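The values are calculated or read from the model by the stated rules, or taken from the named source; none is laboratory data. Values in this document were obtained by computation on a predicted structure and should not be read as measured data. Here the Cβ is made from the backbone with ideal geometry for all residues, glycine too, and neighbour counts use every protein chain on show.
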Amino acid sequence: MVSDTTTPDARAGKTTHAVPRWMGALAGMAAAAVALGFSQFIEGATDIPGLVLGVGELIIDYTPGWAAEESIENLGSAGKGNLLRGITIITFLTAALLGDQSARHTRKIGIWSFVAFGLLGGWATARNPQSHAGGSWFWALVATALGIATLVVFVSRARASVTAPGEPIGSNTDVLASPLVPPASRRSFLGFSAGAGAVALTGVALGRGIEGESAAEIARANITLPSTTTTERVQASTTTAQAPIARLTASGDVSAAEYAGIDGLPSWVTPSVGDSFYRIDTALQVPQVDPADWTLRITGMVDNPLELTFDDLLAMDLVEHTITLSCVSNSVGGDLVGNAVWTGIPLIDLLEQAGVQQGATQLVGRSVDDFTAGFPTEVLYDGRNALLVVGMNGEPLPVRHGFPARLVIAGLYGYVSATKWLEEINLTTWEDFNGYWINLGWSKEGPMKTMSRIDVPRHRERLESGTQMLAGVAWAPNRGISAVEVSIDEGHWQLCDLAVPGTDESWVQWKVEWDANPGTHRIDVRAFDGEGVLQPKGPADVAPDGAEGWHAVLVEVV
């Protein structure tokens with residue numbers, strides 16, 4: 001019987017031909033490249049995620065809460081790209097090992113491993129609510145078959161390169177194997193490898209080329225938001241209040257225009273373009289929702305379930321409010337926070353149409369990719385702004401921030417409220433449902449905590465002695481900020497100036513001058529909310545309900 005082994009057979013006293021490890025590894029990597037390249041082509045040509053993306057989404061869904069916290073805290077939005085790159089690298093390394101073992105032992109090792117990965121990929125991509133389950137399975141298995149075919153061809157050529165002329169490939173003949181491959185065979189094998197790489201890269205390039213601009217982007221570019229009716233809530237610092245609120249600023253409220261020239265200080269409104277406004281969500285690939293095919297459903301404990309189109313929403317009375325959003329994973333001094341002007345419909349108006357039933361104590365938002373977030377319905381009636389948002393900073397909602405519609409609830413962390421790519425609002429009870437992050441160990445209630453941050457100067461920055469500007473932002477939606485203080489080298493607390501405009505639902509810019517003397521100095525900041533409550537000193541970790549602590553930086557004055 002002809003054996004499929006090429007390893008030494010010491011018991012028989014003979015040595016068979018051994019395929020060099022680099023050839024086996026290259027065979028496995030070529031097979032993986034062809035499979036993944038074809039998968040990327042399908043991802044660009046259809047709505048079906050590629051194998052890497054599908055596996056990445058699977059990993060996110062089953063990642064423990066502590067691991068997700070570490071990723072968000074340390075990597076922010078970059079964690080998603082790193083995950084996809086990591087999956088790709090691990091796939092190629094694993095394929096290299098499988099290729100080596102297939103070439104030196106039996107092809108069944110690689111074949112069955114590729115089958116297992118194909119089944120995993122098919123299941124992972126079929127789970128995506130936006131992809132066709134049957135198509136996901138079909139194309140995943142086609143990619144697997146291409147990978148297996150490539151592996152078999154390459155392993156056969158690798159073995160042929162170290163087999164004597166006329167000898168059956170894989171035979172158990174008594175011929176000493178050499179790790180040195182004849183140059184002609186090596187060139188031929190490398191040529192095939194280059195061809196496989198070219199095929200894979202072509203698949204990726206074609207996929208990206210075919211993908212083009214999505215229907216969501218095209219539709220968004222053609223939308224003009226109707227005019228709005230805006231009534232901002234008054235900033236807490238403009239009201240009459242008791243101490244410490246009474247000592248609001250060092251020299252009175254200062255126009256925001258005076259803050260525009262402070263280099264390094266964030267603008268009062270965070271731009272919505274690029275990466276200026278943070279984005280933290282569970283979507284590895286931004287959902288592309290065509291508003292022409294989209295509807296919003298209001299379901300559950302309501303008297304009149306509603307189904308609204310995007311045109312229905314635009315025809316309603318829109319309002320505009322400036323609201324600060326923050327991620328619960330934002331560490332002390334972190335940048336996972338932003339302030340924007342949101343355009344939308346008050347949720348109360350929609351719920352009045354639906355008729356909320358007695359006992360409906362939780363509102364749950366569900367996105368097109370099945371993410372869920374829920375908060376108590378009672379917060380909708382305490383005076384804060386709670387919006388179904390269709391616009392951001394005067395333009396239609398960017399796709400990466402939830403187009404065509406999302407939720408923005410002032411004073412709540414995003415993980416319990418700010419559902420993007422919204423497709424359903426469900427009224428239920430507090431006990432009957434947990435949102436996505438709750439089952440991963442995060443607090444079910446997510447009120448935003450009072451926070452302040454030093455933006456100018458940066459930590460470890462070198463400064464010249466003399467008058468220096470200290471500046472930053474502070475926020476406490478929906479209570480507002482009444483006072484900000486700084487301390488140098490843990491000495492007395494000095495009151496800062498606050499910028500106007502501002503609302504009790506937005507952050508406020510602050511600044512103060514400092515007469516800096518040479519040496520190393522520590523600068524601390526703290527804030528009082530609109531009710532006169534001092535920001536918690538902490539420290540407290542971000543889990544399970546948000547970080548606490550006074551931000552501090554060290555600077556060197558020369």
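Please state which one of ALA27, ALA33 is under 30 Å from THR282 (Cβ atoms), among the hydrophobic types (A, V, I, L, M, F, W, C) and at pLDDT 85 or above.
ALA33 is the lone residue from the list that is under 30 Å from THR282 (Cβ atoms), among the hydrophobic types (A, V, I, L, M, F, W, C) and at pLDDT 85 or above.
One line per residue, one yes/no per condition, for (1) hydroxyl-bearing (Ser, Thr, Tyr); (2) part of a helix (DSSP H, G or I); (3) modelled with pLDDT of 85 or more:
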{"position": "LEU58", "(1), (2), (3)": "no, yes, no"}
{"position": "THR63", "(1), (2), (3)": "yes, no, no"}
{"position": "GLY81", "(1), (2), (3)": "no, yes, no"}
{"position": "PHE92", "(1), (2), (3)": "no, yes, yes"}
{"position": "LEU97", "(1), (2), (3)": "no, yes, yes"}
{"position": "ALA103", "(1), (2), (3)": "no, yes, yes"}
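Quick test of your reading of the structure: ILE298 fulfils all but one of (1) part of a strand (DSSP E or B); (2) free of Cβ contacts under 8 Å to residues at least 12 places away in the same chain. Name the failing condition by number.
Unmet condition: (2).
Check whether at least one residue in the stretch 405-415 is surrounded by fewer than 22 Cβ atoms within 10 Å (Cβ to Cβ) and charged (D, E, K, R), and report yes or no.
no
Kindly evaluate LEU308 against the criterion of being surrounded by 16 or more Cβ atoms within 10 Å (Cβ to Cβ), under 18 Å from PRO404 (Cβ atoms) and at pLDDT 95 or above.
Spelling it out, LEU308 is indeed surrounded by 16 or more Cβ atoms within 10 Å (Cβ to Cβ), under 18 Å from PRO404 (Cβ atoms) and at pLDDT 95 or above.
Kindly indicate the residue of the stretch 479-502 that is out of contact with any helix residue (DSSP H, G or I) (no Cβ under 9 Å at 6 or more places or on another chain) and touching a residue at least 60 places away in the same chain (Cβ under 8 Å) and also surrounded by the fewest Cβ atoms within 10 Å (Cβ to Cβ) among those meeting that condition.
Top of the filtered list is GLN494.
Can you find a residue in the stretch 342-365 that is modelled with pLDDT of 95 or more, touching an Asp or Glu at 6+ places or on another chain (Cβ under 6 Å) and of a type in the set (Ser, Thr, Tyr)?
Looking for residues that are modelled with pLDDT of 95 or more, touching an Asp or Glu at 6+ places or on another chain (Cβ under 6 Å) and of a type in the set (Ser, Thr, Tyr), one finds at least one in the stretch 342-365, hence yes.
Among TRP514, TRP475, TRP550, which is the only one that is modelled with pLDDT of 95 or more and touching a Gly at 6+ places or on another chain (Cβ under 9 Å)?
TRP550
Quick one: which strands (runs of 3 or more DSSP E) sit completely within the stretch 447-543 and have at least 1 residues that are closer than 30 Å to VAL408 by Cα?
451-456, 466-475, 481-488, 497-500, 508-516, 519-529
Looking only at strands (runs of 3 or more DSSP E) that lie completely in the stretch 318-437, which have at least 2 residues being under 16 Å from the mean Cα position of the chain (by Cα)?
Correct list: 319-326, 337-346, 372-376.
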